[in-house]
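Engineer: A single structure is presented below for examination.
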Amino acid sequence: MKMENSSFGFYSKLTMDTFFIPAGGKYPIILLGIAIYLFGMSCNLTLLTLIILKKNLHKPMYFILFSLPLNDLIGITAMMPKVLSDIVTETNDVYYPLCVLQAFLLHMYGGAVLFILAAMSFDRYVAICMPLRYSSIMTLRMVTGIVTLVWGLDFVLILLLFSLQARLPRCTALIRNVFCDNPSLLKLTCVNTAVQNITGLFNTAVIQAISISIQVYSYVKILITCLATRTSEAKTKAVHTCVAQLVILVIFEVVGTFTILSHRFKDVSADLQKIMGMLIFLVPPLLNPLVYGLYTSEIRKTLLGVFKNRVI
């Protein structure tokens with residue numbers, strides 16, 4: 001036991017798995033990775049800045065939306081710099097606390113996406129189905145409570161997940177992935193991890209159940225309201241406000257499902273599995289701000305107005 005503690009202590013180094021990079025492919029991959037990271041950062045920071053600075057976006061819908069690009073920044077920053085630095089330096093070591101921190105942030109990101117989309121669908125439900133009562137329901141206090149609940153519930157669930165594996169004894173220092181996550185950390189131990197695995201599945205089920213049920217209820221109610229509305233302009237406006245959120249939900253679920261399935265087939269190469277694992281933290285942060293820029297007319301008009309003023 002003493003040897004185990006000295007070899008696998010809290011501040012011990014872990015060894016990450018690596019990508020197979022063909023000869024001459026290192027620098028093109030690094031440049032592509034930097035371009036992806038900078039693009040994702042700039043798009044999400046632009047959306048955050050617009051919501052902060054433009055008074056026409058100081059509305060409940062955009063206060064809730066603010067959490068989405070903020071969460072995307074967390075996800076892509078927790079993922080890309082470490083992966084790129086490992087490729088640049090050709091090292092694949094990480095200290096255990098930093099590995100846990102990366103895993104915690106990535107899991108927080110995944111849960112927050114679904115909770116934020118649920119909160120946004122509720123806001124659209126109130127706006128479209130109860131327009132006359134919208135201002136009295138979606139008060140500053142209500143919006144603050146929703147945002148606090150989104151982040152608070154996500155934090156508690158992920159903290160519970162990681163607290164169960166924190167004291168498990170470790171008998172290996174190899175992370176079988178290019179980034180740290182809870183399943184990879186559990187594989188460091190040689191003891192039975194059934195409780196931790198069940199808790200992980202339970203957390204995933206709770207997050208999915210809460211998020212999907214709220215969104216299904218909200219969008220069914222919105223659909224019914226739209227069909228009952230005779231004004232075509234009202235229908236068009238309602239559809240456009242919901243399309244962006246539905247597109248983001250579909251993107252996240254498809255990428256997540258594809259990632260999970262890639263680990264269930266033995267014929268899938270290890271490098272492809274690693275890439276699939278990264279996509280869930282890269283695709284949404286790259287597409288979310290673009291989707292909202294295209295489908296949310298107020299954001300699109302505000303952004304175009306900023307560019308026009310700069311040109312003039």
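Engineer: Restricting attention to region 142-171, which residues are at pLDDT 85 or above and among the polar types (S, T, N, Q)?
Structural biologist: Of everything in region 142-171, those that are at pLDDT 85 or above and among the polar types (S, T, N, Q) turn out to be Thr144, Thr148, Ser163.
Engineer: Is it fair to say Gly277 is over 17 Å from Leu50 (Cα atoms), under 18 Å from the mean Cα position of the chain (by Cα), at pLDDT 80 or above and open to solvent by less than 30 Å² (accessible area, probe 1.4 Å)?
Structural biologist: Working: over 17 Å from Leu50 (Cα atoms): yes; under 18 Å from the mean Cα position of the chain (by Cα): yes; at pLDDT 80 or above: yes; open to solvent by less than 30 Å² (accessible area, probe 1.4 Å): yes.
Taking the combined requirement at face value, the residue satisfies it.
Engineer: Here's a follow-up. Quick one: which of Thr199, Thr204 is out of contact with any helix residue (DSSP H, G or I) (no Cβ under 8 Å at 6 or more places or on another chain) and modelled with pLDDT of 85 or more?
Structural biologist: Working: Thr199 fails: out of contact with any helix residue (DSSP H, G or I) (no Cβ under 8 Å at 6 or more places or on another chain).
On inspection, the qualifying residue turns out to be Thr204.
Engineer: Could I ask something else about it? What are the residue pairs meeting all of these: first residue in region 288-312, first residue within 18 Å of Phe39 (Cβ to Cβ) and assigned to a helix (DSSP H, G or I), second residue modelled with pLDDT of 80 or more and of a type in the set (D, E, K, R), Cβ atoms under 7 Å, and 6 or more apart or on different chains?
Structural biologist: Filtered contacts from region 288-312: Asn288/Asp72; Gly293/Arg300; Leu294/Arg300.
Engineer: Might you let me know whether region 41-54 holds any residue that is assigned to a loop (DSSP other than H, G, I, E, B) and either open to solvent by 40 Å² or more (accessible area, probe 1.4 Å) or free of Cβ contacts under 8 Å to residues at least 24 places away in the same chain (or both)? Even if it seems obvious, please write down each step before you answer.
Structural biologist: From region 41-54, those assigned to a loop (DSSP other than H, G, I, E, B) are 54; that's our starting set.
Imposing the further condition that a residue be either open to solvent by 40 Å² or more (accessible area, probe 1.4 Å) or free of Cβ contacts under 8 Å to residues at least 24 places away in the same chain (or both) reduces the set to 54.
Checked against the condition, which is being assigned to a loop (DSSP other than H, G, I, E, B) and either open to solvent by 40 Å² or more (accessible area, probe 1.4 Å) or free of Cβ contacts under 8 Å to residues at least 24 places away in the same chain (or both), region 41-54 yields at least one hit.
Engineer: Restricting to region 55-74, and then to whatever is of a type in the set (D, E, K, R) and in a helix (DSSP H, G or I), can you tell me which residue is surrounded by the most Cβ atoms within 10 Å (Cβ to Cβ)? Talk me through it step by step, then tell me what you get.
Structural biologist: First pass over region 55-74, keeping only residues of a type in the set (D, E, K, R): 55, 59, 72.
Still in the running and in a helix (DSSP H, G or I): 55, 72.
Working: Lys55: 6, Asp72: 29.
Top of the filtered list is Asp72.
Engineer: For region 173-203, give me the residue count where each residue is within 23 Å of the chain's Cα centre (by Cα), under 27 Å from Met80 (Cβ atoms) and open to solvent by less than 70 Å² (accessible area, probe 1.4 Å).
Structural biologist: Number of matching residues: 13.
Engineer: Another one. Scan region 31-40 residue by residue and report those that are surrounded by 16 or more Cβ atoms within 10 Å (Cβ to Cβ) and either in contact (Cβ under 8 Å) with a residue 60 or more places away in the chain or more than 16 Å from Pro284 (Cα to Cα) (or both). Walk me through how you get there before you give the answer.
Structural biologist: From region 31-40, those surrounded by 16 or more Cβ atoms within 10 Å (Cβ to Cβ) are 33, 36-37, 40; that's our starting set.
Once the filter is applied, which keeps residues that are surrounded by 16 or more Cβ atoms within 10 Å (Cβ to Cβ) and either in contact (Cβ under 8 Å) with a residue 60 or more places away in the chain or more than 16 Å from Pro284 (Cα to Cα) (or both), region 31-40 yields Ile36, Gly40.
A quick yes/no check of all residues on (1) in a helix (DSSP H, G or I); (2) buried (at least 16 other Cβ atoms within 10 Å of the Cβ):
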position	(1), (2)
Val100	yes, yes
Ala103	yes, yes
Gly145	yes, no
Ser163	yes, no
Cys171	no, no
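The values are calculated or read from the model by the stated rules, or taken from the named source; none is laboratory data. What you are looking at is a predicted structure, and each value in this text was computed from that prediction instead of being measured. Positions of Cβ are backbone-derived with ideal geometry, glycine not excepted, and every protein chain shown enters the neighbour counts. Ligands, DNA and RNA are stripped out before the accessible areas are found, and what is left, the full protein with its side chains, is counted by its heavy atoms. Shrake-Rupley method; radii C 1.70, N 1.55, O 1.52, S 1.80 Å.
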